[in-house]
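Presented below is the structure to which this report refers.
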Amino acid sequence: MSQAPDSTTKQMPILYSYHECPFCIRARLAIAASGLKCELREVALPDKPAQLFKASAKGTVPVIVLEDGKVIDESMEIIHWALAQSDPLNWRQLEIPQAEIKALIDENDNRFLKAMLAVKKPEKLSEEDKKNDWEQVAHDFLVKLERKLDVNRYLAGNQVTLADICIVPFVLLYAQCKPDMLAEFSRVLNWVEGFRYSDLYRRVMQEYPAWHEGMEPSVFP
């Protein structure tokens with residue numbers, strides 16, 4: 001967490017987001033589930049607004065600027081911030097061991113993400129990474145998810161946890177790139193579809209026009 005250069009008090013937090021970004025989707029899921037509201041600023045990736053870079057020099061999304069000017073520019077930190085204030089669906093599941101959940105999310109955010117980039121944006125991979133069989137990496141990860149869903153309804157038990165909301169946007173995006181990939185993973189497919197067609201997921205996937213200074217604020221969700 002860092003301090004924004006412009007710490008002018010806002011009426012509500014400001015979330016910089018990109019509609020299709022899986023990191024942004026999971027942040028929006030947590031904010032929507034928490035019952036909090038924020039001003040959503042949809043970022044056009046080829047033309048990122050200067051205000052985004054003022055908030056976070058990285059210029060990546062999601063970024064949320066809180067009412068006191070503090071900035072959170074990592075999706076997991078945004079999720080923990082939102083759910084620490086309000087977690088009516090008990091997604092954090094603090095009563096169960098968190099190490100397995102964290103390990104699964106870390107694997108998704110590193111190896112499975114690279115497998116997705118290998119299909120969608122191979123230019124984002126290093127020359128060394130391009131030598132790996134990322135299709136096999138993705139397959140192995142889906143096998144792991146399938147086995148977990150064979151035991152429980154969700155990835156870490158019979159209730160939704162952070163593992164589910166943090167990973168499902170990535171699996172959905174990978175499935176868009178490789179439409180037949182889930183054919184052999186019936187439990188993963190049912191799990192993904194259950195989220196994809198839920199009222200909450202539909203709400204966070206509502207499209208907003210690209211933000212520019214002077215626009216009427218868009219309140220999310």
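Taken together, the values in this text are just the output of simple stated rules run on the coordinates, not laboratory data. Note that this is a predicted model, so its numbers are computed, not measured. Note that each Cβ is placed from the backbone with ideal geometry, even for glycine, and that neighbours are counted across all protein chains shown.
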- Query: What ranking do 104-110, 14-20, 117-123 get when scored by the average of other Cβ atoms within 10 Å per residue, highest first?
  - Reply: 14-20, 104-110, 117-123
- Is any helix in the chain, taking whole DSSP H runs, at least 20 angstrom long along its axis by alpha carbon and on average at least 0.0 on the Kyte-Doolittle scale, and which ones? 162-177
- Query: Can you give the alpha-carbon Rg of region 29-145 over 2.2 N^0.38 Å, where N counts its residues?
  - Reply: 1.28
- Approximate spin-label separation E207-K58, in nm, with each point projected 7 Å along Cα-to-Cβ: 2.8 nm
- Per Stokes-Einstein, at 37 °C and 0.692 mPa s, what whole-number D in µm² s⁻¹ belongs to region 11-90, with the Kirkwood radius over Cα pairs as the hydrodynamic radius? 263 µm²/s
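Rounded if a/c is under 1.5, else prolate if a/b beats b/c, else oblate: with a ≥ b ≥ c from the C-alpha gyration tensor eigenvalues square-rooted, which is region 60-128?
oblate
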- Exceeding the 18 Å Cα-Cα cut-off - candidates K121/K178; K54/K124; K102/K144; K58/K102; K48/K70; K58/K124: K54/K124; K58/K102; K48/K70
- Note on the structure: Here the Kirkwood hydrodynamic radius of the chain, Cα-based and in Å, equals 18.3 Å
- Query: Given the C-alpha centroids of region 19-76 and region 120-158, what is the distance between them in whole angstrom?
  - Reply: 26 Å
- When all C-alpha to C-alpha distances in region 90-204 are sorted into bins of 5 Å, what percent of pairs does each bin hold, rounded to whole numbers? 2, 11, 22, 23, 20, 13, 6, 2, 0
- DSSP-defined beta bridges in region 1-149 - what % are antiparallel, rounded to 5: 65 percent
- Note on the structure: Rounded to two decimals, the Debye log10 I(q)/I(0) of region 149-221 (Cα scatterers, no solvent) at q = 0.26 Å⁻¹ is -1.27
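Suppose only helical runs count, i.e. DSSP H with n ≥ 4. What mean residue ellipticity at 222 nm does that imply for the chain under -39500 (n - 2.57) per run, divided by all residues and rounded to the nearest 500 deg cm²/dmol?
That comes out to -13500 deg cm²/dmol.
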